[in-house]
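Derivation of every value follows stated rules applied to the coordinates shown; laboratory data play no part. Note that the coordinates shown come from a computational prediction; the quantities given were computed from them, not determined experimentally.
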Amino acid sequence: MGGWGGSSACCRLRGRGPTHPPRPPREEVGSVVLDALDSLPPTARAAFVLNDVFGMSPDTVADIVGRTESECAELADRARRYLRIQRARPTTPKEHDILVRAVRQACMSRDAELLAALLSPDATASFDGGGKVRASSRPVRGGRQVADSLLTLLARRSRTTLSTHSVNGRTGLVARYDHQVAAVITFDIADHLVAQVWIVLNPDKLHSWNRT
């Protein structure tokens with residue numbers, strides 16, 4: 001792995017009383033939510049929208065998404081938490097990019113301590129192997145545990161490279177084994193730390209990444 005290539009007037013009027021952060025306009029809040037939805041992995045976005053927006057039954061959601069009912073419930077719950085975080089304190093693309101690049105550097109240097117420091121203490125990692133790639137079927141929880149799981153994944157084979165790439169409109173990481181894309185990794189960020197890591201390993205979902 002060593003070779004890895006008019007609000008100011010309003011504020012003054014309120015100056016004598018308790019101060020509260022100004023509420024963003026409704027249009028801005030809606031934009032934040034839509035951007036956050038776009039940044040979610042497709043399965044989580046589908047589970048959330050089908051369940052919360054369209055009110056479909058759990059078994060119908062599971063059939064459409066291609067996961068079990070319990071997995072869809074967990075995906076939808078994570079999406080809700082992520083949307084709440086993003087609506088309260090959205091992460092700018094620049095902040096997201098800086099943190100993901102720091103994660104890549106920590107992975108390249110195999111620095112578990114640094115990687116864990118970039119993760120929220122209660123961070124979660126979810127692996128999508130599609131039953132075709134050996135991967136944890138349950139989420140990995142805890143900053144240090146997630147860091148160890150990432151380093152273990154990237155140490156499986158020699159001649160592994162890890163590069164940044166735009167994924168769902170935000171900076172993500174692409175792991176290649178012998179020039180073949182083996183994993184696409186995306187991140188949810190809250191309070192300047194990685195809160196959720198999504199690792200797609202399913203070859204069927206990576207087919208388009210390997211066409212060229």
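Between Ser163 and Thr92, what length comes free when the chain is fully extended (0.36 nm per residue of separation minus the Cα-Cα distance, one decimal in nm)?
Numbers: separation 71, 0.36 × 71 = 25.56 nm, distance 2.05 nm.
That works out to 23.5 nm of additional length.
Can you list the residues, at least 5 places off or on another chain, whose amide H is less than 5 Å from the amide H of Gln196, using H built in the peptide plane?
Thr124, Asp188
Residue-wise, which Karplus ³J(HN,Hα) couplings in Hz belong to the range 109-119, taking 6.51 cos²θ - 1.76 cosθ + 1.60, θ = phi - 60°, and x for glycine or proline?
So the J values, rounded to whole Hz, are 8, 6, 9, 5, 5, 5, 4, 4, 5, 8, 9.
If amide H atoms are built 1.01 Å from N in the plane of the peptide, which residues on other chains or at least 5 residues away come under 5 Å of the amide H of Ala182?
Ala175, Arg176, Tyr177
If each residue of separation counts as 0.36 nm, what is the full-extension length gain between Asp178 and Asp35 once their alpha-carbon separation is subtracted?
Result: 48.1 nm gained on full extension.
Can you work out ³J(HN,Hα) from phi for every residue in the range 135-150, in order, using Karplus 6.51 cos²θ - 1.76 cosθ + 1.60 and θ = phi - 60°, giving whole Hz and x for Gly and Pro?
Values, residue by residue: 7, 4, 7, 10, x, 8, 10, x, x, 5, 5, 5, 4, 5, 5, 5 Hz.
How would you classify the range 46-204 from its alpha-carbon gyration tensor, with a ≥ b ≥ c the square roots of the eigenvalues: rounded for a/c under 1.5, else prolate if a/b is greater than b/c, otherwise oblate?
Cα axes put the range 46-204 in the oblate bin.
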